[in-house]
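Single-structure report; data block below.
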Amino acid sequence: MTSLNDLTRIVPPPAASAPTDWIAVESLLGTRLPDDYKRLADTYGPGAFCGFVHLFHPYGATEAVDLTGPAPARLRARLRADRDSGTYRMPHDPDDLFAVGVTDNGNHLYWVTGSGTEPDAWRIAVDQADGRDWYTFDGGLTAFLAALLGGHLSVPVFPGDLLAGGVFFTPSRAAGETPRPAPAQAPAGASRSSQVIREWARSQGYDVPDRGRIPASVIQAWERAQ
């Protein structure tokens, strides 16, 4: 609980969030989830930290940030394809990675599950949007966020000015709105990089910068189009 207490002191959570039926969620996923994540998700609900780190949640507002939707399987399939093609060298087996977040720059946060590893011992790995570089944190998701947002952790694949605009949490849904049921997972795969997303976005009429953050709405639209 210490990490969650630390995090809530750094980033006050919303006044209320919808409770989650974790028994149903874990049954749907076919795996237990870390206790720290379940407490984190129940405390904050769906949303983003600093308008940049969007956590996956069983009641995510879109498929792109839905823990029980197609995004985790889609991303794992993409990682397998990159590994099998020799595109990038990866520090972890794609089958041991379970996506749990995405940033506005196209980075993804993964649990490193490992064979036989208890969920509460899952570490956090973060990839560069183009898959070339990785960072692994020796701890759980809540501890990662508390260290990152408390200014005690520098993640090389994140912007250096991440905290420049202040530290805050933005819910993705108005308070009191009824969460939608969690859909079944469906596997899919697609190659992804910042440049690919930018080129697709421009072809669809989106105005995106050549560098810097890609808006979350554009990333989510790209995910839905795959």
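With respect to the stated conditions, G51 is under 27 Å from V167 (Cα atoms) and open to solvent by 20 Å² or more (accessible area, probe 1.4 Å). Scanning region 78-105 for residues that are modelled with pLDDT of 90 or more, farther than 26 Å from L163 by Cβ and not in a loop (DSSP other than H, G, I, E, B), we see that the one that is most open to solvent (accessible area, probe 1.4 Å) is D95. Output the residues belonging to region 10-37 that are under 13 Å from G140 (Cα atoms) and surrounded by fewer than 18 Cβ atoms within 10 Å (Cβ to Cβ). The one that is under 13 Å from G140 (Cα atoms) and surrounded by fewer than 18 Cβ atoms within 10 Å (Cβ to Cβ): D35.
Looking across L40, L7, one residue alone is farther than 19 Å from A125 by Cβ, at pLDDT 95 or above and open to solvent by less than 30 Å² (accessible area, probe 1.4 Å). It is L7.
Note on region 56-75: residues that are touching an Asp or Glu at 6+ places or on another chain (Cβ under 7 Å) and in a helix (DSSP H, G or I) amount to 3.
Residue under question is T170, and the condition is that it be at pLDDT below 50 and open to solvent by 60 Å² or more (accessible area, probe 1.4 Å); does it hold?
no
The values are calculated or read from the model by the stated rules, or taken from the named source; none is laboratory data. Bear in mind the structure is a predicted one, so any value in this text is a computation, not a measurement. Note that we place each Cβ from the backbone using ideal geometry, even for glycine, and neighbour counts take in every protein chain shown. The area values use the complete protein model at the heavy-atom level, side chains included, leaving out ligands, DNA and RNA. Shrake-Rupley method; radii C 1.70, N 1.55, O 1.52, S 1.80 Å.
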